[in-house]
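Trainee: This is the structure I want to talk about, given as structure tokens.
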Ligand SMILES: C/C=C(\C)C(=O)SCCNC(=O)CCNC(=O)[C@H](O)C(C)(C)COP(=O)(O)OP(=O)(O)OC[C@H]1O[C@@H](n2cnc3c(N)ncnc32)[C@H](O)[C@@H]1OP(=O)(O)O
């Protein structure tokens with residue numbers, strides 16, 4: 001796990017060998033201890049270089065080991081011996097030096113980085129802090145303000161920025177190990193005392209308290225309820241106010257409070273869930289690592305509305321030539337200007353030049369005859385989409401792949417009107433499509449494994465977190481949203497206000513509560529869907545009892561809001577009022593309060609006091625309950641996939657892990673009991689009836705979320 005070689009007759013070269021990222025597992029820590037001891041005790045050795053195999057220095061502590069008891073040598077005493085030695089030790093950083101990897105380098109006396117390397121202390125993103133001395137050593141090296149920013153955000157820096165900040169001593173375009181060996185030889189005669197960070201005093205700004213206070217407030221505003229960044233601030237304060245040995249103690253006390261917290265478990269779960277989601281499997285046995293995706297050399301986007309524009313930008317900025325199609329000249333020109341503007345702003349932000357030459361704009365579908373892949377992004381209307389696909393079947397070559405950007409329509413019904421149903425798939429982008437990271441890849445029953453592989457790989461190329469899901473109304477994300485938002489509106493009827501419900505959800509950690517989110521998305525979209533499904537509008541049978549539709553409870557308040565022309569932020573009025581159409585600052589609106597009160601009076605509903613606990617339980621347990629149904633229906637393959645969809649597409653707080661992980665943290669038994677309780681009180685709300693899978697998991701002793709799959713594998717899969 002650490003290889004030892006003698007090079008240039010007097011330099012010990014220690015190579016960490018733990019692919020893929022040379023994480024500091026117990027075996028690697030053993031390896032470092034053994035090889036360092038050998039290097040320090042061998043009189044032939046005058047200097048040491050530490051590097052990582054396969055061009056990657058080190059990705060930090062082995063996160064998988066966090067779940068079990070500590071085995072092998074603890075990191076800090078091991079690293080202390082590197083710094084204390086009398087022989088210069090140089091870190092040769094290629095690829096990444098992250099977390100414990102950078103901390104290892106900070107115990108070395110010198111650091112050489114390859115120009116493509118990235119460095120950082122991302123522990124905060126895992127709900128912990130850099131507890132291998134990072135919070136005490138980085139401030140001593142680069143000062144409090146810069147260290148505070150890196151430690152509290154977990155941001156990675158380039159080698160060039162690391163040089164400017166003073167984290168590394170040299171950046172090279174050559175082989176970093178070879179450069180480090182030469183550097184080490186030159187360092188042999190030089191004194192080491194000033195290179196031992198533990199012996200330095202932290203350079204302290206005069207306004208320390210004000211700075212720490214400002215950063216704390218910023219964190220509290222941006223990451224409400226998240227513990228780790230606040231603990232990082234306290235640890236950095238210790239670096240400024242305590243001697244090194246006491247600071248290290250403080251660092252480790254703070255780490256102890258974080259390490260076993262639910263937040264750390266949730267954030268570490270998210271790290272692995274994100275990676276698990278990319279590893280799709282189909283019922284046929286086809287899976288991510290054995291199906292070759294097609295190479296996409298050209299693409300087309302049909303429809304230059306909000307979604308189409310974002311998709312065109314996402315494709316062009318990763319170098320894919322795009323033909324963009326609109327149905328009339330005016331729309332085409334508006335779309336063209338918007339796409340080019342977006343591309344330019346995006347390129348400016350990333351410091352690269354905009355790729356205009358990759359874009360062509362046309363009115364005619366016949367221009368698409370040779371493209372490798374088409375993404376249809378016209379209005380969410382089945383008849384319109386079908387007519388586009390019929391046309392495409394006539395003009396495109398037989399091998400062209402067809403994708404539909406839909407948020408919930410039947411992908412298989414669209415495939416059915418084409419001449420190539422096996423080459424049709426759904427790509428559900430989230431708005432704005434060039435910003436939002438989530439992509440639901442919707443596999444129809446006839447979608448071939450090749451098109452699944454291609455859509456997943458294209459998503460990755462566009463920088464998306466792609467999740468393969470099955471085909472059902474709303475797929476995963478929007479299907480689960482319904483029970484969640486239904487509960488919110490039922491709570492309105494029963495006595496809550498939109499702002500009370502939103503506040504409870506925002507205190508839980510959502511970026512936006514359900515009503516503020518609906519105002520942002522536009523209330524008319526859901527209204528149209530409800531009209532089309534016969535839930536509201538002129539097609540509703542007048543004999544239908546009020547507040548009941550299709551045999552279950554129905555709350556018409558959202559329809560009443562829309563009937564007043566209140567469609568959310570875009571009209572300046574929705575569940576809240578805004579200062580102008582397009583405004584974003586939501587204020588409670590007395591008209592909405594009146595509307596709800598009149599409604600309650602009309603139906604004789606006595607409002608009651610509703611607690612935040614009830615809001616959270618009803619909204620989130622109903623959400624997770626639908627997640628269990630989705631798993632048993634085979635629409636998502638794993639709970640991790642559902643959680644990733646909610647983290648990246650719906651603003652679910654990452655430190656809660658996602659709806660399924662949250663349910664497991666609350667305890668499946670408790671979730672079951674609460675759902676039973678609420679279902680008893682509302683027997684006409686089927687979404688509150690505990691799903692059979694939830695009951696089964698509880699009966700099996702509530703296994704951890706990673707094991708749920710073993711209990712669902714016999715069921716039918718739509719993937
Ligand atoms: C106290 C705490 C201390 C001292 C710490 O060090 S905590 C750990 C801090 N380090 C990190 O947070 C880095 C985490 N890793 C990454 O950010 C990325 O993996 C990477 C930038 C190092 C590489 O990215 P990429 O090339 O895209 O590869 P993947 O992310 O897909 O990773 C490849 C597989 O390696 C597994 N992995 C990565 N880092 C670790 C780690 N630190 N411990 C254990 N396993 C790690 C990752 O899960 C992938 O494995 P599979 O999921 O594919 O099996």
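Where a number appears in this text, it was derived from the coordinates with a stated rule and is not lab data. Source: prediction; values computed, not measured. Every residue, glycine as well, gets a Cβ built from its backbone with ideal geometry; the counts of neighbours run over all protein chains shown.
Trainee: When a/c is below 1.5 the answer is rounded, else prolate if a/b is larger than b/c, else oblate, so apply that to the stretch 198-253 with a ≥ b ≥ c taken from the square roots of the Cα gyration tensor eigenvalues.
Mentor: Verdict is oblate for the stretch 198-253.
Trainee: If you don't mind, there's one more thing I want to ask. Label-point separation (nm) for residue 564 and residue 41, each offset 7 Å from Cα along Cα-to-Cβ?
Mentor: Taking the two extended label points, one gets 8.1 nm.
Trainee: Turning to a different aspect of this structure: Determine the gain in length on full extension of the stretch residue 684-residue 709; use 0.36 nm per residue of separation and subtract their C-alpha separation, reporting nm with one decimal.
Mentor: On the way: separation 25, 0.36 × 25 = 9.00 nm, distance 3.03 nm.
Value of the extension gain: 6.0 nm.
Trainee: If you don't mind, there's one more thing I want to ask. For the chain, what is the mean residue ellipticity at 222 nm derived from helices alone (per DSSP H run of n ≥ 4: -39500 (n - 2.57); sum divided by total residues; nearest 500 deg cm²/dmol)?
Mentor: -14000 deg cm²/dmol
Trainee: Output the relative contact order of the stretch 612-712, whole-number percent, from Cα pairs under 8 angstrom with separation of 6+ residues.
Mentor: Numbers: 103 pairs, mean separation 33.2, N = 101.
So the answer I get is 33 percent.
Trainee: Right, next: In nm, what is the difference between 0.36 nm times the number of residues separating residue 550 and residue 116 and their Cα-Cα distance?
Mentor: Extra length available between residue 550 and residue 116 comes to 150.3 nm.
Trainee: Past the 31 angstrom mark, what percentage of all C-alpha to C-alpha distances in the stretch 299-471 do you count?
Mentor: That fraction is 8 percent.
Trainee: How do 36-43, 654-661 rank on mean C-beta neighbours within 10 Å, highest first? If you can, show how the numbers build up before the last one.
Mentor: Values: 36-43: 15.1, 654-661: 25.4.
Final packing ranking: 654-661, 36-43.
Trainee: Separate question: At 7 Å along Cα-to-Cβ for each site, give me the label-to-label distance between residue 178 and residue 363 in nm.
Mentor: Modelled inter-label distance: 6.1 nm.
Trainee: Go ahead and run the numbers for FRET between residue 609 and residue 585, Cβ-Cβ distance against an R0 of 35 Å, rounding to 0.05.
Mentor: FRET efficiency, residue 609 to residue 585: 0.80.
Trainee: Let me ask something else. Using a Debye calculation, one point per C-alpha and no hydration shell, please list log10 I(q)/I(0) for the stretch 2-259 at q = 0.08, 0.14 Å⁻¹ in order.
Mentor: Calculated log10 I(q)/I(0) at the listed q: -0.28, -0.89.
Trainee: Next question. Over its Cα atoms, what ratio of radius of gyration to 2.2 N^0.38 Å does the stretch 584-679 give?
Mentor: Scaled against compact globular proteins, the figure is 1.36.
Trainee: Report the percentage of all Cα-Cα pairs in the chain whose separation exceeds 35 Å, rounded to a whole percent.
Mentor: Here the tail beyond 35 Å accounts for 53 percent of pairs.
Trainee: Something else: With each label point set 7 Å from Cα along the Cα-Cβ vector, what nm distance links residue 431 and residue 395?
Mentor: The answer from the label model is 2.5 nm.
Trainee: Let me ask another. Using 0.36 nm per residue, how much length does the chain from residue 330 to residue 524 gain when fully extended, once their Cα-Cα distance is taken away?
Mentor: 67.4 nm
Trainee: With an 8 Å cut-off on Cα pairs and a minimum separation of 6 or more residues, tell me the relative contact order of the stretch 186-268 in percent.
Mentor: Relative CO of the stretch 186-268 lands at 26 percent.
Trainee: Okay, moving on. Using the beta-carbon distance between residue 213 and residue 344 and R0 = 45 Å, what value does 1/(1 + (r/R0)^6) give for FRET efficiency, to the nearest 0.05?
Mentor: Efficiency for this residue pair is about 0.70.
Trainee: Next up: Is the shape of the stretch 500-558 best called rounded, prolate or oblate, per the rule: a/c under 1.5 gives rounded, else a/b larger than b/c gives prolate, else oblate, with a ≥ b ≥ c the square roots of the Cα gyration tensor eigenvalues?
Mentor: Judged from the Cα gyration tensor, the stretch 500-558 comes out prolate (a/c at least 1.5, a/b above b/c).
Trainee: Next question. Name the residues of the stretch 405-423 whose amide N is less than 13 Å from a point 7 angstrom out from the Cα of residue 450 along the C-beta direction?
Mentor: From the stretch 405-423, the list is 420-423.
Trainee: Here's something else I'd like to know. Taking a point 7 angstrom from the Cα of residue 81 along the C-beta vector, which residues in the stretch 3-37 have backbone N less than 12 Å away?
Mentor: Within reach of a label on residue 81: 29-37.
Trainee: At a 10 angstrom cut-off on C-beta neighbours, averaged per residue, how do the peptides 633-642, 679-688, 153-162, 492-501 rank from highest to lowest?
Mentor: Order by mean packing, descending: 633-642, 492-501, 153-162, 679-688.
Trainee: With r defined as the distance between the Cβ atoms of residue 155 and residue 673 and R0 fixed at 35 Å, what FRET efficiency is calculated, to the nearest 0.05? If you can, show how the numbers build up before the last one.
Mentor: Details: r = 42 Å, r/R0 = 1.21.
After rounding, the FRET efficiency stands at 0.25.
Trainee: If packing is taken as the average number of other Cβ atoms within 10 Å across a peptide's residues, how do 98-105, 314-321 rank, most packed first? Walk me through the numbers before you get to the answer.
Mentor: Values: 98-105: 28.0, 314-321: 20.8.
In descending order of packing, they fall as 98-105, 314-321.
Trainee: Counting only C-alpha contacts under 8 Å and six or more residues apart, can you give the relative contact order of the chain as a whole percent?
Mentor: 9
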